[in-house]
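Scroll down for the structure; my scribbles are underneath it.
The values are calculated or read from the model by the stated rules, or taken from the named source; none is laboratory data. Treat the numbers as computed from the prediction; the structure is a model and nothing was measured. Because the Cβ atoms are built from the backbone with ideal geometry, glycine has one as well, and the counts that use them run over all protein chains shown.
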Amino acid sequence: MKKCVECGAIQNNKHFYCIDCNKRLGPPLTEEEEKKEAIKIKETINDLSNKADCFYVSKTDKAIICLLCIFSLLHALLILFGANYYRENQLYWLGIILILLSLSIAIDLRFPRISWQLYKLRYIFVFDNIDDLEPSRFALLSRRFFSKLILIIVAIAFVIMFILSFYKIPAPAPINEGNIIIDWNTTQY
Ligand SMILES: [Zn+2]
């Protein structure tokens with residue numbers, strides 16, 4: 001096995017010149033180098049076939065799944081510890097929607113095959129054999145884009161809700177108007 005120093009093409013020992021760029025080839029690779037090259041080629045092939053598989057869960061997907069789970073847990077903790085704020089402002093529904101949203105997106109990302117099976121059920125009366133249907137490239141891209149968007153929304157919502165639940169806006173200082181003292185803290189409406 002020989003490797004071209006110019007373009008990196010791998011070729012047979014019989015060649016003296018690179019079949020790709022016509023550069024003169026050096027001596028054959030050592031056994032150690034050949035092993036390394038074989039591993040590299042295997043990795044490249046794996047990578048390409050993963051990209052071709054529309055249901056492949058990438059590392060980025062996994063990171064987003066992790067973050068979505070973390071933020072839904074944080075929202076749950078916030079509801080638990082900021083319960084007063086949520087009760088006073090009747091915001092439980094918002095917290096629960098955010099948790100359900102991030103969990104459902106995480107499940108959809110983690111198990112793309114299952115969500116695709118559910119998704120294509122809508123075509124059951126349109127096509128004879130829905131098993132042959134494959135998601136379009138656009139559908140896959142928009143699914144990944146949507147998951148990132150939801151992650152950003154859930155994260156921003158957490159920061160805002162966290163600040164609102166634990167940072168109390170101070171009441172204005174009492175104003176002395178003649179003899180009447182208006183104390184905002186004790187004034188009854
Ligand atoms: Zn070459």
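Tabulated data for the structure shown
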item: Verdict on Asp108 being closer than 30 Å to Phe162 by Cβ, touching a residue at least 60 places away in the same chain (Cβ under 8 Å), away from the ligand (no atom under 16 Å from the Cβ) and among the charged types (D, E, K, R); result: no
item: Among (1) more than 16 Å from the ligand (Cβ to nearest atom); (2) surrounded by 12 or more Cβ atoms within 10 Å (Cβ to Cβ), the one test that Gln11 misses; result: (1)
item: Odd one out for Pro135, checked against (1) in a helix (DSSP H, G or I); (2) more than 30 Å from Ile160 (Cβ to Cβ); result: (1)
item: Test: Ala63 is surrounded by 12 or more Cβ atoms within 10 Å (Cβ to Cβ) and closer than 26 Å to Phe158 by Cα; result: no
item: Filter result for Asn84 (assigned by TED's automatic domain parsing to the domain that holds Pro112, of a type in the set (S, T, N, Q) and surrounded by fewer than 12 Cβ atoms within 10 Å (Cβ to Cβ)); result: yes
item: Residues satisfying the stated conditions in region 14-34, i.e. surrounded by fewer than 12 Cβ atoms within 10 Å (Cβ to Cβ), more than 10 Å from the ligand (Cβ to nearest atom) and part of a loop (DSSP other than H, G, I, E, B); result: Lys14, Phe16, Gly26, Pro27, Thr30
item: Flag for Phe111 being under 28 Å from the mean Cα position of the chain (by Cα) and over 29 Å from Asp61 (Cα atoms); result: no
item: Only listed residue being modelled with pLDDT of 90 or more, over 23 Å from Arg137 (Cβ atoms), more than 16 Å from the ligand (Cβ to nearest atom) and out of contact with any Ser or Thr (no Cβ under 8 Å at 6 or more places or on another chain), chosen from Leu101, Leu91, Leu78; result: Leu101
item: Unmet requirement for Leu48, which otherwise passes all of (1) within 16 Å of the ligand (Cβ to nearest atom); (2) modelled with pLDDT under 90; result: (1)
item: Residue count for region 50-76, restricted to those that are in contact (Cβ under 8 Å) with a residue 40 or more places away in the chain and under 14 Å from Leu101 (Cα atoms); result: 8
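Results for (1) in contact with a strand residue (DSSP E or B) (Cβ under 6 Å, 6 or more places away or on another chain); (2) exposed (fewer than 15 other Cβ atoms within 10 Å of the Cβ); (3) hydrophobic (A, V, I, L, M, F, W, C); (4) in contact (Cβ under 8 Å) with a residue 12 or more places away in the chain, shown as yes or no for each residue.
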{"position": "Ile39", "(1), (2), (3), (4)": "no, yes, yes, no"}
{"position": "Lys42", "(1), (2), (3), (4)": "no, yes, no, no"}
{"position": "Leu48", "(1), (2), (3), (4)": "no, yes, yes, no"}
{"position": "Leu78", "(1), (2), (3), (4)": "no, no, yes, yes"}
{"position": "Phe125", "(1), (2), (3), (4)": "no, yes, yes, no"}
{"position": "Asp128", "(1), (2), (3), (4)": "no, yes, no, no"}
{"position": "Ser142", "(1), (2), (3), (4)": "no, yes, no, no"}
{"position": "Ser147", "(1), (2), (3), (4)": "no, no, no, yes"}
